[in-house]
């Protein structure tokens, strides 16, 4: 009898074990079966309690705790009501786990009465949850879009259950809750795998909806891993199979995948829908990382089996996190690309557990109602991520920001000045390949569009996203900063079909003081190439080349954040259309835009544009438009100059010719000239004191205050001259840059193999990865460098010290004369010093005088010479020290600014009321007259010769300043103060 009883017990054990093994639990090798396992583990709870007590986090925790006062709500059938109950359950369970109550700026232990009440409320919410899930589709349409709410609701309830278990509530008290969750997950699994008229959800839908649904099923498998059922829909092993397989498939494997495992390709639907999907994926990945080890799982769907690594440890996902973090604007928001809202960042990346993806938010300039705080960002209407963020326990830290971020596979090009929130930032957009093709229903008509952010403020807008049903109001080509062809651009993307304008970002580089990038596309039977230069981390040059087979009307657009006659809330816009300019101001920041076109002048106008303020709420702004008609090809050249509203604007003038778009910018002690041409022929520009000659498509040259070239750039050129002096020459057509970085140091870049000639006073040491040889040609005064490939390079000019110990050499203006002085500590066989003067910025020197030396001496000596014949223009001097044996050595070159203008500007009457008469003594001089207000803003511009009248009726009373400039932007008379009375 005993033997029979043992056999019966053995059979019963075998039956029970077999049934358990065959009814769907999921027990991965190496799993940690303890609770909590979703947002954090038991070991992390003490640190979590310390984290929420930190001042920066206490406010956030207080908001979570405060949200519990309203209770879970009784409505349990609508999407909003169901989601609100799930949110309450999660937050209450988190407060229970933290066991802390906010009290007058500090935290105390949660009272027993509150613990009991919250626990009862969470259990009640779980036991009464609504497990209903809509069908994939019906004859009345698709209803799977409701799963975005079901999936977030399910994840919140699962977290609540997990945290309750972590608090110590035994499973025996949660059996009804567990059964309800199993039913809810089973319904979602069933409906997502059930066909409608032969169409399956996972085979048809390859976007954020699939990711959200799959992540919810994966989370259910982690939390309810030991659940069993004879119903395959309610088996955790099937949930995890579906969750991992379909996330992996949609992101990395399918022909319609949203990203690419082989490159930093971003997310096809754009930043917002990446965030939206990953608000589900990140909690699942974190939970799976807490529960299971770094291992691969075998997953099968529709006859395809894949080995899929635990996503929490899979480095492919780092590519997505790196992408979204790399393109963030300086205030922490992501750019509103594609269907993306204007006010969103992604602090939820804290759930990755990696500090480098969590950056500070600086949202003080956002409007009321926008997501203008960390709490608002995490408590978005779709899902509450406050508890998840706090559980991750990561303090935001600034991320290093390179000058250039070039991500051609994702279509992002960023040029920015640094990591701080006030840094200047420009994003140029251009997607191609799968990330463009698969962006479909969330793809806007934004090929080559740009966004500009500076001084903590978005200044050049992307229009954002009102909602899916209203996306066409802000998603058209006319809503973006791009060139229209006959009033149209690329078509807006629709479900299953992206806009037709595939855009490449083929070239980009960063060198000392300059960064460059390019976007190319075709739409409306025209090719568009947009080139951007970032100058000295200060401002941008945007050069657009458009071409078609026949004459067209081309319209350049800039949507700035400000409105004509606007308010502080909307921002303001000031037009100077006659000077080819407009400027927008908001929150103390200004964007000054000057647009040049080939002569004859284009038509400059403004229009009222619209952008998203908040969800389903538009706001107006002023758009600056420049039209060119009657040509098959043309160019636009824009200077985009951001800064503070209180700063003096840059002086920017158009210097175009019939074949070139050209402008000159005077700012920060430099005078910059830039021009474009559609061909690569040698052409000239008169934007600076001397004529510039170049055969490049885009030319840039900067000179300092004494007209010495200090920076140059050529795109697809072979030579650059300033006056008669050859600055750069390449044997092959390349893109190149050249920058003086210190007195004897230079840096540059070439885009390919070539031999480059650079004018220098002496030999130099050259380094760079593509440099094969370098030599100095003394006969021509040129450094010759041979490159085997595209390369950056550095040049250190050889030092040529005097045989005497020269301790000082300087020069200064004395009226119109120049006084030079120098000192020596010792002299050895020193015949004397030839004083040499240069009138062409130090390229050639002429003898002025000879000052005898002291032969050999160990005593300090001081020398002086006054150049009474010095010109009033900027001038350079050097010393040629001559030994008794005839050997000569040269000192460093010193620069002397031009003499103070002798001419005076007169204005009468002062004080003035309605009219001011202004005179200049030289009647032949064309004067560019600027009247500036007390904040340095140009309020009146006027050109005249000899005398003119300014009408002041529209100006408010106050102190103003008159400035007189010549055609190259140089000051030709001292500024004059003018008091205007009313």
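The values are calculated or read from the model by the stated rules, or taken from the named source; none is laboratory data. Please read all numbers here as calculations on a predicted model, not as lab measurements. No Cβ is skipped: glycine too gets one built from the backbone with ideal geometry, and neighbour counts run over all protein chains shown.
In this structure, is residue 820 at pLDDT 85 or above and over 30 Å from residue 942 (Cα atoms)? Yes; evaluated as a whole, the condition is true for this residue.
Scanning region 912-940 for residues that are surrounded by fewer than 16 Cβ atoms within 10 Å (Cβ to Cβ) and either farther than 28 Å from residue 585 by Cβ or in contact with a helix residue (DSSP H, G or I) (Cβ under 7 Å, 6 or more places away or on another chain) (or both) yields a count of 8.
Okay, residues lined up against (1) buried (at least 23 other Cβ atoms within 10 Å of the Cβ); (2) more than 29 Å from residue 91 (Cα to Cα); (3) at pLDDT 95 or above; (4) assigned by TED's automatic domain parsing to the domain that holds residue 450:
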{"site": "360", "(1), (2), (3), (4)": "no, no, yes, no"}
{"site": "383", "(1), (2), (3), (4)": "yes, no, no, no"}
{"site": "388", "(1), (2), (3), (4)": "yes, no, yes, no"}
{"site": "392", "(1), (2), (3), (4)": "yes, no, yes, no"}
{"site": "423", "(1), (2), (3), (4)": "no, yes, yes, yes"}
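Scanning region 819-834 for residues that are surrounded by fewer than 23 Cβ atoms within 10 Å (Cβ to Cβ) and more than 15 Å from residue 856 (Cα to Cα) gives 819, 821, 834.
For (1) assigned to a strand (DSSP E or B); (2) within 53 Å of the chain's Cα centre (by Cα), each residue gets a yes or a no:
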| position | (1), (2) |
| --- | --- |
| 812 | yes, yes |
| 820 | yes, yes |
| 828 | yes, no |
| 834 | yes, no |
| 842 | no, yes |
| 850 | yes, no |
| 859 | no, no |
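Selection of region 574-591 for residues being in a strand (DSSP E or B) and either at positive phi or modelled with pLDDT of 95 or more (or both) yields 574, 581, 582, 583, 584, 585, 586, 589, 590, 591. For region 17-31, a residue qualifies if it is loosely packed, with under 13 Cβ neighbours inside 10 Å and at pLDDT below 50, and the qualifying residues are 17, 18, 19, 21. Taking region 712-782 and the strands (runs of 3 or more DSSP E) fully enclosed by it, the elements with 3 or more residues that are in contact (Cβ under 8 Å) with a residue 40 or more places away in the chain and outside the structural domain of residue 541 (by TED's automatic domain parsing) are at 725-742, 745-750. Residues in region 549-563 that are part of a strand (DSSP E or B) and either surrounded by 19 or more Cβ atoms within 10 Å (Cβ to Cβ) or not assigned by TED's automatic domain parsing to the domain that holds residue 479 (or both): 552, 554, 555, 556, 557, 558, 559, 560, 563.
Checking each residue in region 689-718 for being more than 31 Å from the chain's Cα centre (by Cα), under 21 Å from residue 534 (Cα atoms) and buried (at least 23 other Cβ atoms within 10 Å of the Cβ) picks out 692, 694. Selection of region 840-853 for residues being surrounded by 16 or more Cβ atoms within 10 Å (Cβ to Cβ) and at pLDDT 90 or above yields 848, 853. Take the conditions (1) touching a strand residue (DSSP E or B) at 6+ places or on another chain (Cβ under 7 Å); (2) closer than 19 Å to residue 339 by Cβ; (3) crowded, with 22+ Cβ neighbours inside 10 Å; residue 483 misses just one of them, which is (2). Considering only residues in region 794-810 that are part of a loop (DSSP other than H, G, I, E, B) and under 48 Å from the mean Cα position of the chain (by Cα), the one that is modelled with the highest pLDDT turns out to be 798. Scoring residue 644 on the criteria (1) crowded, with 20+ Cβ neighbours inside 10 Å; (2) farther than 12 Å from residue 557 by Cα; (3) within 22 Å of the chain's Cα centre (by Cα) leaves a single failure, condition (1). Among the residues making up region 366-416, those that are more than 24 Å from residue 276 (Cβ to Cβ) and in contact with a strand residue (DSSP E or B) (Cβ under 6 Å, 6 or more places away or on another chain) are 401, 403, 404, 406, 408, 413, 415, 416.
In region 944-972, of all residues being out of contact with any strand residue (DSSP E or B) (no Cβ under 7 Å at 6 or more places or on another chain) and exposed (fewer than 15 other Cβ atoms within 10 Å of the Cβ), the one that is modelled with the lowest pLDDT corresponds to 954. For region 638-703, the strands (runs of 3 or more DSSP E) that sit wholly inside it and include 1 or more residues that are farther than 24 Å from residue 734 by Cβ are 651-654, 660-667, 670-677. Yes or no: residue 510 in contact with a strand residue (DSSP E or B) (Cβ under 6 Å, 6 or more places away or on another chain) and either in contact (Cβ under 8 Å) with a residue 60 or more places away in the chain or within 24 Å of residue 535 (Cα to Cα) (or both)? For residue 510, the condition - in contact with a strand residue (DSSP E or B) (Cβ under 6 Å, 6 or more places away or on another chain) and either in contact (Cβ under 8 Å) with a residue 60 or more places away in the chain or within 24 Å of residue 535 (Cα to Cα) (or both) - is met.
For region 68-82, a tally of residues being touching a residue at least 60 places away in the same chain (Cβ under 8 Å) and surrounded by fewer than 20 Cβ atoms within 10 Å (Cβ to Cβ) returns 1. For region 256-277, the tally of residues that are in contact (Cβ under 8 Å) with a residue 12 or more places away in the chain and assigned to a loop (DSSP other than H, G, I, E, B) stands at 14.
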